[in-house]
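Accompanying notes for the structure given below.
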Amino acid sequence: MNPTNPNSQPKRILMIAYYYPPLTDVGCKRSVAFAKYFKKYGWEPYVLSVKNPDKAFCSLGDDMTPTGIYTEYTYSLINIYKLLGKINGLFSRFMGLFKIKIKRNYFNDLFSFPDLFWGWIPLTTIKGIKLIKKHNIDLIYVSCKPFSSALIGVLLKFFTKKPLILDFRDAYSLEAKKLIWISSRPRFRKKLDKIFETIFLKYADIFIIVTEKLKELYLRQYPFVIDKIFTIHNGVDSEIIPDSKLNSKYSKFTIVYGGLYFYEPYERNSEFFFEALSILKKGGLITNRSFQFLFFGNQHDSIRQVAKKYHVEGLVTANSRVPFTDILTIILKSHLHLIRNREFAIPVKLFEAISLNIPLLATIPLGEAQDIITKYSPSSYIITEQPAEKETEAIIRRYSPSSLIVSDPSADNISGAILDAMDKYRKGEICDNYVRDFLKRYSRENLTLKLLGILKDQLNIS
């Protein structure tokens with residue numbers, strides 16, 4: 001029931017979420033939080049997720065679904081990534097006989113519409129229709145990626161006439177050079193993706209995006225969504241954030257990073273951090289006894305290789321993924337949280353670090369992520385490729401006068417930021433993050449309330 005109207009019947013929402021427990025990927029957190037807080041505020045969520053996820057893209061764990069949330073799972077008829085990889089390998093070897101080098105898996109482009117997860121569409125669509133009829137569902141929410149889920153949502157709306165909410169955690173087919181993973185696709189694939197995305201957005205009643213910059217890009221390319229596009233940031237679930245006062249710091253000065261580190265093989269600045277550690281080590285400014293960099297993620301082998309390349313193996317500990325609750329404790333005990341992100345994106349770890357009252361060492365583009373850091377984390381360091389504009393400088397002076405922004409992502413500047421942080425910790429000059437104000441805006445509970453407000457205003461649902 002709606003707490004503000006005890007006589008009303010609870011609204012029922014079907015949530016299509018490929019990434020959902022027991023998967024442990026970061027994409028799960030948003031849907032889990034929405035389901036939990038929908039329930040808290042009088043809605044009845046029904047979650048439909050995948051039974052046999054593609055393990056090449058997903059991490060299975062023992063995470064539990066939120067208490068009291070109705071959840072069902074459907075099978076993907078086929079997970080094609082490995083199959084297409086084998087086919088491409090055979091094709092590459094064959095073409096190699098003619099001295100022709102294949103640089104891209106074109107079989108992925110030919111047989112993955114809307115994406116590699118299309119095997120989940122048939123059974124999930126059928127099950128979704130049954131759930132909508134059985135439980136008298138009021139509206140449909142779809143979390144993307146994968147974007148095959150968006151097609152499921154469109155089909156469910158077509159057959160049931162229920163309102164459709166599409167929630168894009170990433171861009172699908174935007175034309176922007178800095179969205180490298182999109183701009184590098186073959187021309188025929190871009191055209192087909194554009195057709196799919198246009199259909200998705202036309203069928204959607206509400207279109208949710210995770211950053212204001214992506215919202216601007218979508219409005220520029222799809223102006224017809226102007227009355228139904230809204231930004232709901234990823235945020236952080238404040239209920240599971242441990243108390244920072246209950247954890248002491250590591251004895252060594254510690255920088256931590258979790259998740260995806262290398263976005264593209266041709267990134268210009270991906271190794272500057274390790275080069276900075278090499279500079280500090282050669283200068284005798286950090287040693288194995290005084291400093292450590294802790295990495296947690298699937299790219300641990302690549303991290304070890306880069307550390308070896310710069311002769312800083314003793315300073316770097318690269319681990320595989322650990323449970324989410326464990327990484328939160330590790331972050332709390334660290335001194336700096338390293339942040340990297342693509343253009344137009346705000347990594348979830350940024351929201352977590354600010355909530356945990358940890359300053360950041362952010363090697364990021366200027367933009368929305370930088371705005372959040374400078375407003376809420378006064379002792380953080382931002383190393384960027386772009387010079388700060390006057391408006392940005394004014395924001396920095398107002399909100400974060402003690403933060404450091406350097407317009408050159410060089411190893412020297414990164415090493416200088418690390419030394420400055422070590423000195424400030426010794427002198428007790430590290431300022432607390434503005435956690436209370438931050439959570440008022442970016443807690444997932446408040447973001448869910450924002451979404452419920454949008455549904456009430458746009459769809460006349462309360």
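At-a-glance table
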item: Single residue of Ile126, Ile87, Ile102 found to be hydrophobic (A, V, I, L, M, F, W, C), part of a helix (DSSP H, G or I), modelled with pLDDT under 95 and out of contact with any Leu (no Cβ under 6 Å at 6 or more places or on another chain); result: Ile87
item: Answer residue from region 127-150, given it is closer than 13 Å to Leu14 by Cα and free of Cβ contacts under 8 Å to residues at least 40 places away in the same chain and is surrounded by the most Cβ atoms within 10 Å (Cβ to Cβ) among those; result: Ile129
item: Pair list, Cβ under 9 Å, 6 or more apart: region 34-60 residue more than 15 Å from Pro10 (Cβ to Cβ) and assigned to a strand (DSSP E or B), other residue at pLDDT 95 or above and of a type in the set (Asp, Glu); result: Val47/Glu72; Leu48/Glu72; Ser49/Glu72
item: In region 70-101, residue nearest to Lys40 (Cα to Cα) [restricted to those that are hydroxyl-bearing (Ser, Thr, Tyr) and in contact (Cβ under 8 Å) with a residue 12 or more places away in the chain]; result: Tyr70
item: Test for Asn52: is it out of contact with any Pro (no Cβ under 9 Å at 6 or more places or on another chain) and either at pLDDT below 80 or of a type in the set (Asp, Glu) (or both); result: no
item: Pairs, first within 16 Å of Ile255 (Cα to Cα) in region 301-317, second surrounded by 15 or more Cβ atoms within 10 Å (Cβ to Cβ) and hydroxyl-bearing (Ser, Thr, Tyr), C-beta under 6 Å, six or more apart; result: Val312/Ser278
item: Filter result for Val26 (without any contact (Cβ under 8 Å) to a residue 60 or more places away in the chain and buried (at least 17 other Cβ atoms within 10 Å of the Cβ)); result: no
item: Residue ranges of helices (runs of 4 or more DSSP H) in region 186-298 with at least 2 members assigned by TED's automatic domain parsing to the domain that holds Ile140 and not charged (D, E, K, R); result: 187-203, 212-221
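The values are calculated or read from the model by the stated rules, or taken from the named source; none is laboratory data. All values reported here derive from a predicted model rather than from experimental measurement. All Cβ positions, glycine included, derive from the backbone under ideal geometry; neighbour counts span all protein chains shown.
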